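Got a structure here, written out as structure tokens. Questions coming.
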Amino acid sequence: MSSALPTYSTTSVSGGSINNAPPSSVSAVGATSLASGPLLVAEPALFGLLIEMGPALEAAMTGGAREAVFFKMEMLGYNVGQRLVERLAKDHARFTDTLDVVKFICKEFWMAVFRKQVDNLKTNHRGVYVLQDNNFRWFMNASGATTLQDATQAMTPFLWFPCGLIRGALAGLGYATVVMAESVGIPQCTFQIKIATGR
Amino acid sequence: MSYYFAIVGTRDSPIYEAAIGNPLKDDGKHLHQFVLHAALDFVDDIMWTTPNMYLRVVDKFNDWFVSAFVSAGNVRFMLLHDSKNEDGIRNFFTDVHELYIKSLMNPFYEVNDPIDNPAFDLKVRTIARRFL
């Protein structure tokens, strides 16, 4: 069953094209103008959805190990990333090599999803890329823990969804990768991408 | 003024096909698929030479031309046509690409699934009527 009509898309209902910037459905706090232009989702609503995803999945997967929940979150991110990247790369020239692709992820993709660019990109030129974000937007409003250590510990499971997002984006562009994430202290976090170099 | 349009997925399987008018009527309709998929090899060669998505004419078959458009996710849009109408065809491909992205947004639609939705078909034919 495949329907061509969008169900989740927040592009404008009046048949407007996806060309209207901003292309993502995750931006702008409180902007809900009914005039032409893409419909936007309030950021707190997005945060609520993301934060609730962890406990909701845990409750739904009765008897499952924590790893199963992480796997599911990662797969959710994967699906979203695959679709999102096709939409975001629509007006971009086609990519020449893996460095180009990772730079696109660091700039346009990150800007669309997190409203900022990645702060630091490192590579060993052999297929491993490290993306560092010093102010990860989805950790912005995390609260409740007393120490930085506890807060980091609590937020780490929520890094699986962005991992899947990146993996899905790269898969959408044709690259099989492994993506891992870690955080030494919120709001900083680091993503490590391993692309198979085909050797 | 007839055309044959197909969308070929990342694994080279056809996702969607539409015959607008009746091209290649002398040789048989099955030839449309054959010609378009034979042209895929040329698309694979040419797509590395340019960063553009629109690849213009990639192959010729008797008096018919095959034009191609490759998306970022390596989904090929191919058109079999007999008249040279580069701008019209480019606009057609761009609009169908947007339509394809919209169907991708459906969470139940996986990449490389066939598209058999009549609304999609209708929209493609409308776009074809507008630009071709």
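Of the residues that make up region A:139-162, is at least one under 14 Å from A:F109 (Cβ atoms) and either within 14 Å of another protein chain (Cβ to nearest Cβ) or touching a residue at least 60 places away in the same chain (Cβ under 8 Å) (or both)?
Yes: one or more hits.
Residue check, A:S33 against (1) at pLDDT 55 or above; (2) open to solvent by 60 Å² or more (accessible area, probe 1.4 Å); (3) farther than 23 Å from A:I166 by Cα, all met but one. Which one?
(1)
Is it the case that A:S12 is more than 18 Å from the chain's Cα centre (by Cα), at pLDDT below 80 and more than 10 Å from chain B (Cβ to nearest Cβ)?
yes
Tell me which residues, restricted to region A:152-170, are surrounded by 20 or more Cβ atoms within 10 Å (Cβ to Cβ) and not aromatic (F, W, Y).
Selection gives A:T152, A:M155, A:L159, A:P162, A:C163, A:G164, A:L165, A:I166, A:R167, A:G168, A:A169, A:L170.
Which of the following residues is within 14 Å of another protein chain (Cβ to nearest Cβ) and more than 24 Å from B:R129 (Cβ to Cβ): B:D59, B:D95, B:D44?
B:D44
Name the pairs: first residue in region B:106-132 and facing chain A (nearest Cβ under 9 Å), second residue assigned to a helix (DSSP H, G or I) and among the acidic types (D, E), Cβ to Cβ under 9 Å, at least 6 apart or on different chains?
These pairs meet every condition: B:V111/A:E86; B:I115/B:D121; B:K123/B:D95.
Which pairs turn up if I take residues in region A:52-72 that are of a type in the set (D, E) and look for partners that are open to solvent by 70 Å² or more (accessible area, probe 1.4 Å) with beta carbon separation below 9 Å, at least 6 apart in sequence or on another chain?
A:E58/A:R66
The values are calculated or read from the model by the stated rules, or taken from the named source; none is laboratory data. These numbers were taken from a predicted model, which means no experiment stands behind them. As a convention, Cβ positions derive from the backbone with ideal geometry for all residues, glycine included, and neighbour counts pool all protein chains shown. Heads up: the accessible areas ignore ligands, DNA and RNA and are worked out on the full protein's heavy atoms, side chains in. Shrake-Rupley method; radii C 1.70, N 1.55, O 1.52, S 1.80 Å.
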